[in-house]
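The values are calculated or read from the model by the stated rules, or taken from the named source; none is laboratory data. Just so it is clear, the structure is predicted and the values come from calculations on it, not from any experiment. Ideal geometry is used to build each Cβ from the backbone, glycine not excepted, and the neighbour counts take in all protein chains shown. Side chains are part of the model used for accessible areas, which takes the heavy atoms of the whole protein and leaves out ligands, DNA and RNA. Shrake-Rupley method; radii C 1.70, N 1.55, O 1.52, S 1.80 Å.
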Amino acid sequence: MVEELVIAVIAAVCACGLYAMAAARVVRQYERGVVFRLGRLQEGIRGPGFTTILPFVDKLHKVNMQIVTMPVPAQDGITRDNVTVRVDAVIYFKVVDAAEALVRVEDYRFAVSQMAQTSLRSIIGKSDLDDLLSNREKLNQGLELMIDSPAIGWGVQIDRVEIKDVSLPETMKRSMARQAEADRERRARVINADAELQASKKLAEAAKEMSGQPAALQLRLLQTVVAVAAEKNSTLVLPFPVELLRFLERATPAEAVQAVQAVSGAVQAAPTPPADQPAVAAPTAPTGPTGAATTADAPDAPEAPDATEPGAPEPGAPGLAAPGLTTTRPKVSSVPPSVPASAPPLDEESQKRQDAQPV
(Lines give C-alpha, C1' and ligand atoms only; values in the text may rest on other atoms or scores of the structure.)
Protein backbone atom coordinates (compact mmCIF):
# COMPACT_ATOMS: atom_id res chain seq x y z
CA MET A 1 0.00 0.00 0.00
CA VAL A 2 2.69 2.42 0.97
CA GLU A 3 4.73 1.47 -2.06
CA GLU A 4 1.82 2.24 -4.35
CA LEU A 5 1.34 5.64 -2.67
CA VAL A 6 5.00 6.50 -3.15
CA ILE A 7 4.86 5.49 -6.77
CA ALA A 8 1.78 7.69 -7.33
CA VAL A 9 3.42 10.68 -5.68
CA ILE A 10 6.53 10.25 -7.80
CA ALA A 11 4.43 9.97 -10.95
CA ALA A 12 2.49 13.12 -10.02
CA VAL A 13 5.70 15.02 -9.41
CA CYS A 14 7.09 13.89 -12.75
CA ALA A 15 3.89 14.87 -14.48
CA CYS A 16 4.00 18.31 -12.89
CA GLY A 17 7.62 18.67 -13.92
CA LEU A 18 6.83 17.70 -17.48
CA TYR A 19 3.86 20.08 -17.53
CA ALA A 20 6.00 22.91 -16.18
CA MET A 21 8.66 22.22 -18.70
CA ALA A 22 6.11 22.17 -21.54
CA ALA A 23 4.41 25.35 -20.32
CA ALA A 24 7.49 27.42 -19.49
CA ARG A 25 8.83 29.89 -22.12
CA VAL A 26 11.58 32.54 -22.04
CA VAL A 27 11.29 35.69 -24.15
CA ARG A 28 14.45 37.71 -24.76
CA GLN A 29 14.74 41.43 -24.29
CA TYR A 30 14.66 42.27 -28.00
CA GLU A 31 11.71 39.94 -28.67
CA ARG A 32 7.96 39.96 -28.12
CA GLY A 33 5.74 36.88 -27.77
CA VAL A 34 2.44 36.39 -29.58
CA VAL A 35 0.22 33.55 -28.28
CA PHE A 36 -2.25 31.63 -30.44
CA ARG A 37 -4.67 29.49 -28.44
CA LEU A 38 -6.27 26.84 -30.58
CA GLY A 39 -5.34 28.97 -33.60
CA ARG A 40 -6.85 32.17 -32.24
CA LEU A 41 -4.81 35.24 -31.43
CA GLN A 42 -4.67 36.16 -27.78
CA GLU A 43 -4.91 39.83 -26.96
CA GLY A 44 -1.91 40.09 -24.66
CA ILE A 45 1.59 40.41 -26.03
CA ARG A 46 4.13 38.59 -23.89
CA GLY A 47 6.99 40.79 -22.87
CA PRO A 48 10.61 39.83 -22.23
CA GLY A 49 11.33 37.39 -19.42
CA PHE A 50 9.74 34.12 -18.16
CA THR A 51 6.21 33.27 -19.27
CA THR A 52 3.98 30.20 -19.46
CA ILE A 53 1.47 28.82 -21.86
CA LEU A 54 -0.95 25.91 -21.91
CA PRO A 55 0.85 22.92 -23.35
CA PHE A 56 -0.69 21.40 -26.43
CA VAL A 57 -3.24 24.28 -26.47
CA ASP A 58 -1.26 27.50 -26.83
CA LYS A 59 1.46 28.23 -29.33
CA LEU A 60 3.95 31.05 -28.72
CA HIS A 61 5.54 32.94 -31.66
CA LYS A 62 8.54 35.14 -30.94
CA VAL A 63 9.02 38.26 -33.10
CA ASN A 64 12.36 40.08 -33.31
CA MET A 65 11.95 43.80 -32.64
CA GLN A 66 15.46 44.80 -33.66
CA ILE A 67 16.25 46.95 -36.71
CA VAL A 68 16.80 44.69 -39.69
CA THR A 69 19.36 45.55 -42.36
CA MET A 70 18.30 44.16 -45.71
CA PRO A 71 20.22 44.68 -48.96
CA VAL A 72 18.12 45.35 -52.04
CA PRO A 73 19.38 43.49 -55.13
CA ALA A 74 20.66 45.62 -58.01
CA GLN A 75 17.88 46.70 -60.34
CA ASP A 76 18.26 47.60 -64.02
CA GLY A 77 16.22 50.55 -65.19
CA ILE A 78 16.00 53.44 -67.64
CA THR A 79 16.01 56.97 -66.30
CA ARG A 80 13.76 59.74 -67.47
CA ASP A 81 16.48 61.01 -69.83
CA ASN A 82 16.82 57.52 -71.44
CA VAL A 83 20.00 56.32 -69.77
CA THR A 84 20.33 52.67 -68.77
CA VAL A 85 21.59 52.31 -65.18
CA ARG A 86 21.96 49.61 -62.58
CA VAL A 87 21.14 50.68 -59.02
CA ASP A 88 21.27 48.81 -55.74
CA ALA A 89 20.24 49.97 -52.26
CA VAL A 90 19.98 48.98 -48.61
CA ILE A 91 16.90 49.26 -46.40
CA TYR A 92 16.63 49.51 -42.59
CA PHE A 93 13.31 48.57 -40.98
CA LYS A 94 11.91 47.21 -37.72
CA VAL A 95 8.70 45.63 -36.41
CA VAL A 96 6.60 47.92 -34.25
CA ASP A 97 3.56 45.64 -33.87
CA ALA A 98 4.37 41.95 -33.47
CA ALA A 99 0.76 40.78 -33.81
CA GLU A 100 0.19 42.71 -37.05
CA ALA A 101 3.48 41.45 -38.49
CA LEU A 102 2.31 37.86 -37.96
CA VAL A 103 -1.35 38.25 -38.89
CA ARG A 104 -1.38 40.80 -41.72
CA VAL A 105 1.36 39.35 -43.90
CA GLU A 106 2.71 35.86 -44.35
CA ASP A 107 6.40 36.81 -44.37
CA TYR A 108 7.03 40.45 -43.62
CA ARG A 109 10.74 40.21 -44.55
CA PHE A 110 10.00 38.91 -48.03
CA ALA A 111 7.20 41.45 -48.46
CA VAL A 112 9.45 44.35 -47.53
CA SER A 113 12.18 43.08 -49.88
CA GLN A 114 9.81 42.86 -52.87
CA MET A 115 8.31 46.27 -52.13
CA ALA A 116 11.79 47.79 -51.96
CA GLN A 117 12.74 46.36 -55.36
CA THR A 118 9.60 47.60 -57.12
CA SER A 119 9.89 51.02 -55.49
CA LEU A 120 13.52 51.27 -56.55
CA ARG A 121 12.61 50.56 -60.19
CA SER A 122 9.87 53.16 -60.00
CA ILE A 123 12.13 55.84 -58.55
CA ILE A 124 14.73 55.16 -61.25
CA GLY A 125 12.19 55.74 -64.03
CA LYS A 126 11.02 59.02 -62.47
CA SER A 127 14.49 60.51 -61.97
CA ASP A 128 17.20 61.93 -64.20
CA LEU A 129 20.76 60.68 -64.27
CA ASP A 130 22.03 63.86 -62.62
CA ASP A 131 19.60 63.34 -59.73
CA LEU A 132 20.78 59.77 -59.23
CA LEU A 133 24.39 60.91 -59.08
CA SER A 134 24.17 64.16 -57.12
CA ASN A 135 20.76 64.45 -55.44
CA ARG A 136 20.54 61.12 -53.65
CA GLU A 137 19.12 62.48 -50.40
CA LYS A 138 15.92 63.52 -52.09
CA LEU A 139 15.63 60.17 -53.85
CA ASN A 140 16.23 58.33 -50.57
CA GLN A 141 13.39 60.20 -48.92
CA GLY A 142 11.05 59.48 -51.82
CA LEU A 143 11.99 55.81 -51.80
CA GLU A 144 11.41 55.61 -48.05
CA LEU A 145 7.92 57.08 -48.39
CA MET A 146 7.05 54.67 -51.19
CA ILE A 147 8.03 51.62 -49.11
CA ASP A 148 6.69 52.87 -45.80
CA SER A 149 3.16 53.52 -47.03
CA PRO A 150 2.12 49.84 -47.43
CA ALA A 151 4.45 48.61 -44.66
CA ILE A 152 2.56 50.50 -41.95
CA GLY A 153 -0.36 48.07 -42.25
CA TRP A 154 2.02 45.15 -41.76
CA GLY A 155 3.25 46.40 -38.40
CA VAL A 156 6.61 47.32 -39.95
CA GLN A 157 8.25 50.73 -39.87
CA ILE A 158 10.84 51.75 -42.48
CA ASP A 159 13.66 53.45 -40.65
CA ARG A 160 15.91 54.43 -43.54
CA VAL A 161 16.63 53.69 -47.21
CA GLU A 162 19.96 54.41 -48.90
CA ILE A 163 21.01 54.07 -52.55
CA LYS A 164 24.42 52.41 -52.49
CA ASP A 165 25.78 52.33 -56.03
CA VAL A 166 24.81 53.54 -59.50
CA SER A 167 26.47 51.59 -62.31
CA LEU A 168 26.71 53.31 -65.70
CA PRO A 169 27.58 51.91 -69.14
CA GLU A 170 31.15 52.38 -70.33
CA THR A 171 30.09 54.68 -73.17
CA MET A 172 28.29 56.94 -70.72
CA LYS A 173 31.34 57.03 -68.47
CA ARG A 174 33.54 58.13 -71.37
CA SER A 175 31.03 60.81 -72.39
CA MET A 176 30.86 62.16 -68.86
CA ALA A 177 34.66 62.20 -68.67
CA ARG A 178 34.86 64.24 -71.89
CA GLN A 179 32.21 66.62 -70.59
CA ALA A 180 34.07 67.11 -67.33
CA GLU A 181 37.32 67.72 -69.19
CA ALA A 182 35.67 70.31 -71.45
CA ASP A 183 34.18 72.05 -68.44
CA ARG A 184 37.55 72.22 -66.71
CA GLU A 185 39.16 73.58 -69.87
CA ARG A 186 36.43 76.22 -70.16
CA ARG A 187 36.99 77.34 -66.59
CA ALA A 188 40.74 77.48 -67.17
CA ARG A 189 40.26 79.69 -70.22
CA VAL A 190 37.89 81.99 -68.34
CA ILE A 191 40.36 82.32 -65.49
CA ASN A 192 43.18 83.01 -67.96
CA ALA A 193 41.12 85.67 -69.76
CA ASP A 194 40.24 87.30 -66.45
CA ALA A 195 43.92 87.36 -65.53
CA GLU A 196 44.78 88.96 -68.89
CA LEU A 197 42.10 91.61 -68.33
CA GLN A 198 43.43 92.48 -64.90
CA ALA A 199 47.00 92.54 -66.20
CA SER A 200 46.02 94.85 -69.08
CA LYS A 201 44.37 97.25 -66.63
CA LYS A 202 47.47 97.31 -64.47
CA LEU A 203 49.69 97.83 -67.53
CA ALA A 204 47.47 100.71 -68.67
CA GLU A 205 47.82 102.34 -65.25
CA ALA A 206 51.58 101.84 -65.36
CA ALA A 207 51.78 103.35 -68.86
CA LYS A 208 49.76 106.33 -67.67
CA GLU A 209 52.13 106.89 -64.79
CA MET A 210 55.22 106.52 -67.01
CA SER A 211 53.87 108.96 -69.59
CA GLY A 212 54.12 111.74 -67.00
CA GLN A 213 57.74 110.82 -66.20
CA PRO A 214 59.76 109.82 -69.31
CA ALA A 215 62.73 108.94 -67.10
CA ALA A 216 60.71 106.11 -65.57
CA LEU A 217 60.39 104.48 -68.99
CA GLN A 218 64.15 104.66 -69.48
CA LEU A 219 64.75 103.12 -66.07
CA ARG A 220 62.34 100.34 -66.86
CA LEU A 221 64.14 99.76 -70.16
CA LEU A 222 67.47 99.51 -68.37
CA GLN A 223 66.01 97.07 -65.87
CA THR A 224 64.81 94.87 -68.74
CA VAL A 225 68.27 94.96 -70.33
CA VAL A 226 69.86 93.95 -67.03
CA ALA A 227 67.39 91.07 -66.63
CA VAL A 228 68.05 89.76 -70.13
CA ALA A 229 71.82 90.07 -69.70
CA ALA A 230 71.65 88.12 -66.42
CA GLU A 231 69.76 85.22 -68.00
CA LYS A 232 71.67 84.95 -71.30
CA ASN A 233 75.07 86.63 -71.32
CA SER A 234 75.62 85.92 -75.03
CA THR A 235 72.57 87.96 -76.02
CA LEU A 236 73.05 91.59 -77.06
CA VAL A 237 70.02 93.83 -76.68
CA LEU A 238 69.84 97.10 -78.62
CA PRO A 239 66.72 99.07 -77.70
CA PHE A 240 65.25 100.93 -80.63
CA PRO A 241 62.69 103.58 -79.67
CA VAL A 242 59.38 103.35 -81.43
CA GLU A 243 59.07 107.14 -81.46
CA LEU A 244 61.93 107.35 -83.97
CA LEU A 245 60.06 105.15 -86.43
CA ARG A 246 56.95 107.28 -86.04
CA PHE A 247 59.01 110.46 -86.64
CA LEU A 248 60.51 109.05 -89.82
CA GLU A 249 57.12 107.90 -90.99
CA ARG A 250 55.71 111.41 -90.58
CA ALA A 251 58.74 113.36 -91.88
CA THR A 252 59.82 111.46 -95.03
CA PRO A 253 56.83 112.16 -97.36
CA ALA A 254 56.80 115.92 -96.58
CA GLU A 255 60.52 116.40 -97.22
CA ALA A 256 60.28 114.54 -100.52
CA VAL A 257 57.43 116.75 -101.73
CA GLN A 258 59.33 119.91 -100.77
CA ALA A 259 62.39 118.79 -102.76
CA VAL A 260 60.30 117.99 -105.85
CA GLN A 261 58.49 121.30 -105.78
CA ALA A 262 61.78 123.20 -105.35
CA VAL A 263 63.25 121.61 -108.48
CA SER A 264 60.06 122.26 -110.48
CA GLY A 265 60.07 125.93 -109.52
CA ALA A 266 63.74 126.33 -110.50
CA VAL A 267 63.13 124.83 -113.94
CA GLN A 268 60.16 127.07 -114.65
CA ALA A 269 62.15 130.20 -113.67
CA ALA A 270 65.09 129.40 -116.03
CA PRO A 271 65.62 132.07 -118.87
CA THR A 272 65.01 131.22 -122.53
CA PRO A 273 68.21 131.23 -124.76
CA PRO A 274 68.36 133.78 -127.64
CA ALA A 275 67.45 132.78 -131.17
CA ASP A 276 71.00 133.11 -132.65
CA GLN A 277 72.50 130.67 -130.16
CA PRO A 278 72.17 126.93 -130.39
CA ALA A 279 69.83 125.34 -128.02
CA VAL A 280 71.42 124.05 -124.90
CA ALA A 281 69.69 121.23 -123.19
CA ALA A 282 68.82 121.90 -119.64
CA PRO A 283 70.15 119.51 -117.04
CA THR A 284 67.89 116.68 -116.05
CA ALA A 285 66.99 115.86 -112.51
CA PRO A 286 67.69 112.28 -111.60
CA THR A 287 65.78 110.90 -108.76
CA GLY A 288 67.66 110.60 -105.45
CA PRO A 289 67.24 107.99 -102.79
CA THR A 290 64.36 109.91 -101.21
CA GLY A 291 62.43 110.31 -104.42
CA ALA A 292 63.37 114.07 -104.84
CA ALA A 293 64.70 115.31 -108.18
CA THR A 294 68.36 116.62 -108.36
CA THR A 295 70.19 118.45 -111.16
CA ALA A 296 72.67 116.59 -113.37
CA ASP A 297 74.17 116.76 -116.84
CA ALA A 298 71.63 116.36 -119.63
CA PRO A 299 72.15 113.82 -122.46
CA ASP A 300 73.34 114.95 -125.90
CA ALA A 301 70.04 114.25 -127.66
CA PRO A 302 67.30 116.71 -126.68
CA GLU A 303 64.01 115.34 -125.47
CA ALA A 304 60.62 116.63 -126.47
CA PRO A 305 58.56 117.95 -123.59
CA ASP A 306 55.69 115.88 -122.40
CA ALA A 307 52.42 117.69 -122.80
CA THR A 308 50.91 115.90 -119.91
CA GLU A 309 53.48 117.10 -117.38
CA PRO A 310 52.90 120.30 -115.49
CA GLY A 311 56.23 121.85 -116.54
CA ALA A 312 55.74 121.35 -120.32
CA PRO A 313 55.26 124.56 -122.43
CA GLU A 314 52.06 125.04 -124.31
CA PRO A 315 52.24 125.06 -128.15
CA GLY A 316 52.32 128.53 -129.70
CA ALA A 317 53.27 130.34 -126.50
CA PRO A 318 55.22 133.58 -127.32
CA GLY A 319 58.88 133.88 -126.29
CA LEU A 320 59.33 130.22 -125.50
CA ALA A 321 60.65 129.05 -128.94
CA ALA A 322 62.33 131.00 -131.79
CA PRO A 323 61.90 130.07 -135.47
CA GLY A 324 64.15 127.22 -136.44
CA LEU A 325 65.14 126.51 -132.86
CA THR A 326 63.91 123.88 -130.49
CA THR A 327 63.88 124.65 -126.84
CA THR A 328 63.92 121.69 -124.51
CA ARG A 329 63.27 121.54 -120.81
CA PRO A 330 64.18 118.81 -118.44
CA LYS A 331 61.60 116.16 -117.77
CA VAL A 332 60.78 116.49 -114.13
CA SER A 333 58.19 114.47 -112.36
CA SER A 334 56.12 116.54 -110.00
CA VAL A 335 55.50 113.74 -107.54
CA PRO A 336 57.76 110.69 -107.32
CA PRO A 337 56.16 107.25 -107.13
CA SER A 338 57.21 106.85 -103.53
CA VAL A 339 55.41 110.02 -102.41
CA PRO A 340 51.70 109.62 -101.66
CA ALA A 341 49.22 111.88 -103.40
CA SER A 342 47.83 113.06 -100.09
CA ALA A 343 51.08 114.86 -99.05
CA PRO A 344 50.44 118.24 -97.39
CA PRO A 345 51.18 121.36 -99.53
CA LEU A 346 53.96 123.80 -98.65
CA ASP A 347 53.18 127.05 -97.01
CA GLU A 348 53.70 130.43 -98.74
CA GLU A 349 56.96 131.31 -96.93
CA SER A 350 58.64 128.07 -97.98
CA GLN A 351 57.52 128.68 -101.62
CA LYS A 352 58.98 132.19 -101.59
CA ARG A 353 62.31 130.97 -100.24
CA GLN A 354 62.49 128.33 -102.93
CA ASP A 355 61.66 130.82 -105.71
CA ALA A 356 64.37 133.18 -104.48
CA GLN A 357 67.14 130.59 -104.73
CA PRO A 358 69.37 131.07 -107.84
CA VAL A 359 69.44 128.39 -110.45
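What to note about this one:
- In this label model, Gln141 and Val13 are separated by 6.9 nm, measuring between points 7 Å along each Cα→Cβ vector.
- Residue-normalised accessible area of the range 1-96, expressed per residue, 1.4 Å probe, Å²: 67
- A simple count of charges around Ser119, restricted to other residues whose Cβ falls under 12 Å of its Cβ and scoring Lys, Arg +1 and Asp, Glu -1, yields 0.
- Rounded FRET efficiency, nearest 0.05, which uses the C-beta distance separating Asp183 from Met70 and R0 of 45 Å: 0.70
- Equivalent ellipsoid dimensions for the range 140-236 as semi-axes, Å, which come from the Cα gyration tensor, largest first: 67, 20, 12
- Placing pseudo-labels 7 Å out from each Cα toward the beta carbon at Leu38 and Ala227 gives an inter-label distance of 10.6 nm.
- All C-alpha pair distances within the range 1-56, sorted into 10 Å bins from zero, spread as 21, 35, 22, 14, 7, 0 percent across the bins.
- Computed in the context of the full set of protein chains, the accessible area of the range 26-77 at 1.4 Å probe radius has 53% of its extent on carbon or sulfur.
- With R₀ fixed at 22 Å, the C-beta to C-beta distance from Ser149 to Arg80 puts the FRET efficiency at about 0.50.
- Rounded FRET efficiency, nearest 0.05, which uses the C-beta distance separating Leu54 from Lys164 and R0 of 51 Å: 0.60
- Student exercise, the range 43-171 dipole from Lys, Arg, Asp, Glu Cβ charges, in Debye to nearest 20: 340
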